[in-house]
1. Every residue in the range 65-87 that is exposed (fewer than 12 other Cβ atoms within 10 Å of the Cβ) and in contact with a Gly (Cβ under 9 Å, 6 or more places away or on another chain), please.
2. How many of the residues in the range 107-124 are surrounded by 12 or more Cβ atoms within 10 Å (Cβ to Cβ), within 20 Å of residue 3 (Cα to Cα) and of a type outside the set (D, E, K, R)?
3. Residues 114, 43, 85, 102: which one is among the hydroxyl-bearing types (Ser, Thr, Tyr), over 16 Å from the mean Cα position of the chain (by Cα) and at pLDDT below 85?
4. Right, residue 125: touching a His at 6+ places or on another chain (Cβ under 7 Å), on the phi < 0 side of the Ramachandran plot and at pLDDT 90 or above or not?
5. Of everything in the range 10-23, what is surrounded by fewer than 16 Cβ atoms within 10 Å (Cβ to Cβ) and in contact (Cβ under 8 Å) with a residue 12 or more places away in the chain? Give them in sequence order.
6. Would you call residue 26 touching a residue at least 60 places away in the same chain (Cβ under 8 Å) and within 14 Å of residue 123 (Cβ to Cβ)?
Amino acid sequence: MVERTRSGRGYVGSNAYGARAAVTVEWREEDALAFIERPAGRTSPYAQESPPVPANLPRFAPADPLDDYWFDASLPPSEARLLATNARLIIEGVVRPIAGDTLAECHGNYGRPTVDDPREIFISTCWLGASIDRVAIVDGRSQAVLQEWRR
């Protein structure tokens, strides 16, 4: 997911009881791929069991617990730092409709400010449908494939 955030001009808000708060305004745009088909990944090393699919995900979100793409390696700290800095994620596939003829789907969300949380947030999230054939983690220095998943 690619996320862009920008701040808007804040203001002082008040409620019916006269409580006032300085409100910050934020616009967030999120773009993501909707993996309609994809290679099976791995279970997250941090999850004890598969977490439930959040209710706010769109209907096309995969419910498969094998949805993480990761690898581990035992390296000295300096090599680990270099690898973490230079690793690249490669995703290969084709754009595919999410449903019918719809290639993309967008949802909007608004969070209004309260006295306890004086933030006004406008969120726009858009997904582009994709049929993924290959996911790979590559060392950007040597171009060596560190881990790969194919459908």
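The values are calculated or read from the model by the stated rules, or taken from the named source; none is laboratory data. These numbers come from a predicted model, not from an experiment. Don't worry about glycine lacking a Cβ; one is built from the backbone with ideal geometry, like all the others, and counts go over all protein chains shown.
1. Within the range 65-87, just 85 meets the criteria.
2. So the count comes out to 7.
3. 43
4. yes
5. Residues of the range 10-23 that are surrounded by fewer than 16 Cβ atoms within 10 Å (Cβ to Cβ), as a first pass: 10-12, 14-20, 22.
Result: 10, 11, 15, 19, 22.
6. Yes, satisfied.
Rundown of residues vs (1) part of a loop (DSSP other than H, G, I, E, B); (2) closer than 30 Å to residue 128 by Cβ; (3) in contact with a Cys (Cβ under 9 Å, 6 or more places away or on another chain), yes/no style:
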residue	(1), (2), (3)
7	no, yes, no
12	no, no, no
22	no, no, no
33	no, yes, no
40	yes, yes, no
44	yes, yes, no
